[in-house]
Structure formats: C-alpha cells, structure tokens
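Values in this text are rule-based calculations from the coordinates and carry no lab data. On a predicted model such as this, the values are computed, not experimentally measured, just so you know. Cβ: placed from backbone, ideal geometry, glycine included. Neighbour counts: every protein chain shown.
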C-alpha cells in the first residue's frame, strides 16, 4: 500500500518541490510525495529544477500548489520544511502525523545552494520518512 507524504512550506517553489521529487523517486512504489505552500509562488524556482535535473531526477509535473488544493487527499504524514526564524510554517488542520524538518531556503542563491539543499533533503528527509512510516 502506498502512503502519501505532504511536504509543506510557504512558497512551494524550492525545498518542498525538491522533497516531492526525491520522495517520488527514492521511495517510488511505497510513498507518493506531494508538496504545497501557504503562499505559492508563480512557478518552481529555476535553481530547484536545475538541481533536480543535475541529479537525474524527473521534474515534469512539478508546479506550486496552494495547501487548499491538497486538503482532501488521504495524507499519512505531513512534513514542514521552512525555517521558523524567517517564515511562518503552515499548520495542517487535519489530525495527521507531522514532522518539522527545517532546511535552508536557497531561493535567489546560486545553483550550488540548491544542490546542497537537495542533498540535505535526501540525507535527512528520506530516512525520516522511512522511519516515520515504518518502511
């Protein structure tokens, strides 16, 4: 049975999009990754797309979504990835298991920053999801 993981942040243009792509790739068949934001940006950051492509990860179908668009999904785990010091992380209204794993926001920084954050997400978020969902 596939479990659904929602990655939430504010703009849904960098970290949460990279996390969605990594979840769908690294845990394919066991986890369906989704992402959303409280104030979605008009498009996914070019740096996020470039960092995913650089790792050979698929990027088609990635677009910023408002958290309201995923409220009706059957979600098994919600992960917030924004840094509370700088942003207000959304709170998911349903009683769902949640995990807060903040990552640096590379928005507006060089590609190297996006690649570093991508690798951190892969190193920390993927194992955390495996542990939380018992995979």
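Counting other beta carbons within 10 Å of each residue's own, what order do 113, 13, 35 fall into, fewest first?
So the ranking, lowest neighbour count to highest, is 113, 13, 35.
Assuming R0 = 22 Å, what is the FRET efficiency of residue 63 and residue 83, from their Cβ-Cβ distance, to the nearest 0.05? Kindly include the intermediate steps, with their values, before the conclusion.
Numbers: r = 23 Å, r/R0 = 1.05.
It comes out at approximately 0.45.
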